[in-house]
Amino acid sequence: MESIPQIPLETIKNLYSNDFLSLLRQDETLIVQVSSSEVVRINASLELSPLLELDGSVNQGWKDAIYPE
């Protein structure tokens, strides 16, 4: 059985987001050591659920109300 990598929180804090995502894609599950008695498990999911389609409309000229010229 392959063990799940355990990474100290300080290591995660120093990573760029792209590096963190690359690491997560590589291992799919990471365990972050938050303190001596607390860990957080992060599981990767590469598939996103479709967004909900909501009924509604946007009033014409909405942008002008927010961004006056």
- Message: Of the candidates Asn18, Asn59, Asn43, which one comes out as most mobile in a Gaussian network treatment of the chain with C-alpha springs shorter than 10 Å?
- Response: Asn59
- Task: Taking the Cα centre of the chain as origin, work out the dipole magnitude from +1 charges on Lys and Arg Cβ and -1 charges on Asp and Glu Cβ, in debye rounded to 20.
- Result: 200 debye
- Message: Given a Förster distance of 30 Å, report the FRET efficiency between Leu52 and Arg25 from their Cβ-Cβ distance, rounded to the nearest 0.05.
- Response: 0.70
- Query: Cα axis of helix 17-27 to longest principal axis of the chain: angle in degrees, 0 to 90, nearest 10?
  - Reply: 50 degrees
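Work out the FRET efficiency for Asn43 and Tyr16 from their Cβ-Cβ distance, taking R0 = 22 Å, and round it to the nearest 0.05. Intermediate results must be reported in sequence, preceding the final value.
Numbers: r = 21 Å, r/R0 = 0.95.
After rounding to 0.05, the efficiency reads 0.60.
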- Heavy atoms of Ser49 accessible to a 1.4 Å probe, total area in Å² rounded to 10: 100 Å²
- Rounded percent of accessible protein surface that carbon and sulfur make up, the chain, 1.4 Å probe: 51 percent
- Averaged per residue, the 1.4 Å probe accessible area of the range 1-53, protein heavy atoms only, in Å², is roughly 90 Å²
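The values are calculated or read from the model by the stated rules, or taken from the named source; none is laboratory data. Here the structure is a predicted model, which means the values were calculated and not measured. Reconstructed Cβ throughout: ideal geometry from the backbone, glycine too, with neighbour counts over all protein chains shown. Please note that ligands, DNA and RNA were not included when accessible areas were found on the heavy atoms of the full protein model with its side chains. Shrake-Rupley method; radii C 1.70, N 1.55, O 1.52, S 1.80 Å.
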